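Undergrad: My structure is below; once you've seen it, I'll send some questions.
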Amino acid sequence: MRLKTSLTHVCTLQFSSSQDLIHQTCYSIMVHTFYDGTIVVAQHILGSLSHFLQQAEQRPNATDLLDARLCEDMYPVTDQVRLATQFSENLVARLTGREPVITEGKPTTYAECYERIEKVLKALKDADKDVVNQHPDKLKLTQMGPEQAAEISGATYAHTIALPNIYFHLTTAYGILRKEGVQLGKRDYYVGFTSRLLV
């Protein structure tokens, strides 16, 4: 088993007073980019969400689970999928300099849920790393609510709006399905994150 990592090699050189090289030390360090902390994280989250649905689909009451919710005034599982994928699409669009694709309506079957997740996962996978890494400091007027907008950076958008929302809808989907008897545990929550470490 081998872990997939992003490494860069750094060498330190020690010279004598006459500028002769007397010692060289090389080592590797992990490089964590803005892309890794945003686009890759969204991929992980959607991977876990897809896994939750796969577990739910195996239950005798699988169809009913899609309409289950934690409380009457909260969205059901299908809307958790809708919102997690839409915020992920909004994120990749913002960080690659394009307008987001708005998908109308919500999925109503497992097949439609998987289709929506895979569509956004493809957009995330296709995002150019170099382009994303140029966007943390780029300012853009951003809608913060129905009647409020502010000019914020890509990093602020990612870490205070998009990712918190994506995590929220993943966790809410987990809570709903667990409440309904689907055998999910912390390891299931980690599936989307750990599966991409192994090659």
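Undergrad: Among the residues of region 95-121 satisfying the criterion of being assigned to a helix (DSSP H, G or I) and among the charged types (D, E, K, R), which is surrounded by the most Cβ atoms within 10 Å (Cβ to Cβ)?
TA: So, considering only residues that are assigned to a helix (DSSP H, G or I) and among the charged types (D, E, K, R), the one surrounded by the most Cβ atoms within 10 Å (Cβ to Cβ) is 116.
Undergrad: Search region 36-65 for residues that are farther than 28 Å from residue 128 by Cα and in contact (Cβ under 8 Å) with a residue 60 or more places away in the chain and pair each with any residue that is part of a helix (DSSP H, G or I) and β-branched (Val, Ile, Thr) when their beta-carbon atoms are under 9 Å apart and the residues are at least 6 apart or on different chains.
TA: Once the first residue is farther than 28 Å from residue 128 by Cα and in contact (Cβ under 8 Å) with a residue 60 or more places away in the chain and sits in region 36-65, its partners that are part of a helix (DSSP H, G or I) and β-branched (Val, Ile, Thr) give 52/77; 52/191; 53/77; 53/81; 53/117; 56/77; 65/77; 65/176.
Undergrad: Then there is this: If you take the residues in region 122-131 that are touching a residue at least 12 places away in the same chain (Cβ under 8 Å) and charged (D, E, K, R), which one is surrounded by the fewest Cβ atoms within 10 Å (Cβ to Cβ)?
TA: We begin by selecting, within region 122-131, every residue touching a residue at least 12 places away in the same chain (Cβ under 8 Å); these are 123-125, 127-129, 131.
Narrowing the set further to residues that are charged (D, E, K, R) leaves 125, 128-129.
Details: 125: 11, 128: 13, 129: 13.
Residue satisfying both the conditions and the ranking: 125.
Undergrad: Can you pull out every residue in region 159-199 that is surrounded by 12 or more Cβ atoms within 10 Å (Cβ to Cβ), of a type in the set (A, V, I, L, M, F, W, C) and more than 22 Å from residue 97 (Cα to Cα)?
TA: 168, 170, 173, 176, 177, 182, 184, 191, 193, 197, listed by residue number.
Undergrad: A further question on this structure: I need the full set of residues from region 132-158 which are loosely packed, with under 13 Cβ neighbours inside 10 Å and not in a strand (DSSP E or B), in order please.
TA: Once the filter is applied, which keeps residues that are loosely packed, with under 13 Cβ neighbours inside 10 Å and not in a strand (DSSP E or B), region 132-158 yields 137, 146, 147.
Undergrad: Can you tell me which of 147, 104, 115 is among the acidic types (Asp, Glu) and modelled with pLDDT of 95 or more? Steps first, please.
TA: Numbers: 147 fails: modelled with pLDDT of 95 or more; 104 fails: modelled with pLDDT of 95 or more.
The unique qualifying residue is 115.
Undergrad: Taking the criterion of being within 30 Å of residue 143 (Cα to Cα), over 20 Å from the mean Cα position of the chain (by Cα) and surrounded by fewer than 17 Cβ atoms within 10 Å (Cβ to Cβ), would at least one residue in region 54-69 satisfy it?
TA: Yes, some residue in region 54-69 is within 30 Å of residue 143 (Cα to Cα), over 20 Å from the mean Cα position of the chain (by Cα) and surrounded by fewer than 17 Cβ atoms within 10 Å (Cβ to Cβ).
Undergrad: Considering each of 122, 106, 138 in turn, give the residue that is among the basic types (Lys, Arg) and farther than 30 Å from residue 59 by Cβ. Give the steps one after another, and end with the answer.
TA: On the way: 122 fails: farther than 30 Å from residue 59 by Cβ; 106 fails: farther than 30 Å from residue 59 by Cβ.
Exactly one residue qualifies, and that residue is 138.
Undergrad: What about residue 75, is it under 23 Å from the mean Cα position of the chain (by Cα) and outside any loop (DSSP other than H, G, I, E, B)?
TA: So residue 75 fails the test.
Undergrad: Return a yes/no flag: does region 77-84 have any residue that is among the polar types (S, T, N, Q) and farther than 25 Å from residue 40 by Cβ.
TA: yes
The values are calculated or read from the model by the stated rules, or taken from the named source; none is laboratory data. Worth saying up front: this structure is predicted, and the values here are computed from it rather than measured. Cβ coordinates were reconstructed from backbone atoms using ideal geometry, including for glycine residues, and neighbour counts include every protein chain displayed.
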